[in-house]
1. Distances over 31 Å make up what percent of all Cα-Cα pairs in the chain?
2. Taking 0.36 nm per intervening residue step and subtracting the Cα-Cα distance, what contour gain separates Gln103 from Ala230 on full extension?
3. Less than 23 Å apart at the alpha-carbon level, and either on another chain or at least 8 residues along: which lysines does that give for Lys171?
4. Share of antiparallel DSSP beta bridges in segment 86-199, in percent to the nearest 5?
5. Evaluate E = 1/(1 + (r/R0)^6) for Asp119 and Ser44, where r is the Cβ-Cβ distance and R0 equals 22 Å; express this FRET efficiency to the nearest 0.05.
6. Leaving out ligands, DNA and RNA, and with a 1.4 Å probe, what % of the accessible surface on segment 33-170 is carbon or sulfur?
7. Can you return the lysines within cross-link range of Lys127? Criterion is Cα-Cα under 26 Å, with same-chain partners fewer than 8 residues away left out.
8. Would you mind telling me the antiparallel percentage of the DSSP bridges in the chain, rounded to 5?
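The values are calculated or read from the model by the stated rules, or taken from the named source; none is laboratory data. Bear in mind the structure is a predicted one, so any value in this text is a computation, not a measurement. Glycine also receives a Cβ, built like all others from the backbone with ideal geometry; neighbour counts cover every protein chain displayed. Side chains included, ligands, DNA and RNA excluded: accessible areas come from the protein's heavy atoms. Shrake-Rupley method; radii C 1.70, N 1.55, O 1.52, S 1.80 Å.
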Amino acid sequence: MADRPTIVLVHGFWGGAAHWAKVVVELRNRGYTKLFAVENPLTSLADDAARTQQMVRQVDGPVLLVGHSYGGAVITEAGDLPNVVGLVYIAAFAPDAGESPGQISQEMAPAAIENLAPDSDGYLWIKQDKFHESFAQDLTEDEALVMAVTQKAPLASTFGDNVTAPAWRTKPTWYQVSTNDRMINPENERRMAKRMSPRKTVELDAGHASLASRPGPVADLIDTAVRDLAGS
């Protein structure tokens, strides 16, 4: 395990790189020292994929991309770089070519879809008083409050941006389903996971913010991916 890949964590909508805080600590406690978390602008899929690829290109050696939520669409679009050796999806979108996160959500609407609110500048928010029940119902009220107040809203148009060449068709994958997810329909997660034939799928009794509420099992899946890639 001396040649572990660098782990690059990619956040989704309504949060930033700090959403990975507990997973970062968990991985560091397991001996992972090569860790980065991208801070994406959430202005378009092209912008976010380009920023993620910039970070990947800064890494000398193999990279394991890990995406949460919309971050799954980002790693799907960005993951075709030659040093990307695998993709881990955490309650995440995994669109196929010509698909967008918005299209996938329309096919099977999530429970909290009515709690989204656009503003006059084109950004899409989760209503603050609905954030806990929508995004992070298995976190404490205080944790959810901080997430709600500091949420990073995407441009609403980003929901409609299509993936062009999905990296999961050519790279090994692993997928975590959140069975109580209210931001992505769990059946959508299962469907997206099944069609990519991941090396492993795990289901967690968790809401959308499983990276914060279940950092141990999320780190377990990342660790499994690393070990699978090492052939151990």
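1. Above the 31 Å cut-off, the chain has 12 percent of its Cα pairs.
2. 42.1 nm
3. Reachable lysines: Lys34, Lys194, Lys200.
4. In segment 86-199, approximately 50 percent of DSSP beta bridges are antiparallel ones.
5. Numbers: r = 17 Å, r/R0 = 0.79.
Using R0 = 22 Å, I get an efficiency of 0.80.
6. Of the solvent-accessible surface of segment 33-170, carbon and sulfur hold 52 percent.
7. Excluding near neighbours in sequence, the set is Lys22, Lys152.
8. 15 percent
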